[in-house]
1. Which of rounded, prolate, oblate describes the stretch 24-133, given a ≥ b ≥ c as roots of the alpha-carbon gyration tensor eigenvalues and a/c under 1.5 marking rounded, otherwise prolate only if a/b is larger than b/c?
2. If you plug each phi of the stretch 69-83 into the Karplus form 6.51 cos²θ - 1.76 cosθ + 1.60 with θ = phi - 60°, what whole-Hz ³J(HN,Hα) values come out, in order, with x for Gly and Pro?
3. Once amide H atoms are placed 1.01 Å from N in the peptide plane, what residues at a sequence separation of 5 or more from PHE83, or on another chain, have their amide H within under 5 Å of its amide H?
4. If you count only protein heavy atoms and use a 1.4 Å probe, how large is the accessible surface of ARG111, to the nearest 10 Å²?
5. Charges at C-beta only: +1 for Lys and Arg, -1 for Asp and Glu. How large is the resulting dipole of the stretch 129-183 about its Cα centre, in Debye rounded to 20?
Amino acid sequence: GSADIAVLGRTLKPEEKEARLRGKPSYMATLVCPRFSRTLHIKDRVKVPVDWITDISIDFHPSKPWMIVFLSTARNNFKYVTFEIHQHGSPESIADEIIRVCKTNVLRVGRVTIDPLAKGGTENQIDVFSQVSDRLASHGFVLETASKDKEVGISILNSLLWTENEMPGLFVFRDCVETVMELEDWMY
């Protein structure tokens, strides 16, 4: 009965309690986006309306594929991951791919941000920020460095996945598979 459950509860480690007492799989305790649901958050692709504003976030890695996410905000303030780029390439070729996605899909671009680590610190470091910035600037896009505060970003992301009004505020187009995998599998 409930007395047995209370005794069991005292013997469990904190990370085991959710799984053993409430039936929540233990791996979910370390998920960064536990509210992400394929049923709620994944939508079929539609043509991005010309009045949506699209912000672009660039995650740069020297050896892994770059990850670029296009986050479009609808007039009703719902947000949609509308495009993604996940590939290896030089800073210039990645910037060209970003420009191609924007021009092909007639996107109204708001902010374009890149990982702060893309800025070179010393004379002999490759300054990826400058290379991407120069290429984007030639097409009218201004590149900024993103915030270094990862926890605030995670908090904002989760508050969009499930808003204070008890509904999703962020959706992902079905063909943005890398973004879906990241949202499902990202763990602390």
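The values are calculated or read from the model by the stated rules, or taken from the named source; none is laboratory data. If you're wondering where the values come from, they're calculated on a predicted model, not measured in any experiment. For neighbour counting, all protein chains shown are included, and Cβ atoms are generated from backbone atoms with ideal geometry for every residue, glycine included. Remember, those area values only see protein heavy atoms, side chains included, never the ligands or the DNA or RNA. Shrake-Rupley method; radii C 1.70, N 1.55, O 1.52, S 1.80 Å.
1. Taking the square roots of the gyration eigenvalues as a ≥ b ≥ c, the stretch 24-133 is oblate.
2. These are the phi-based 3J(HN,Hα) values: 10, 9, 10, 9, 9, 6, 4, 7, 6, 5, 10, 9, 6, 9, 8 Hz.
3. Amide H neighbours of PHE83: PHE70.
4. Accessible area of ARG111: about 120 Å².
5. 180
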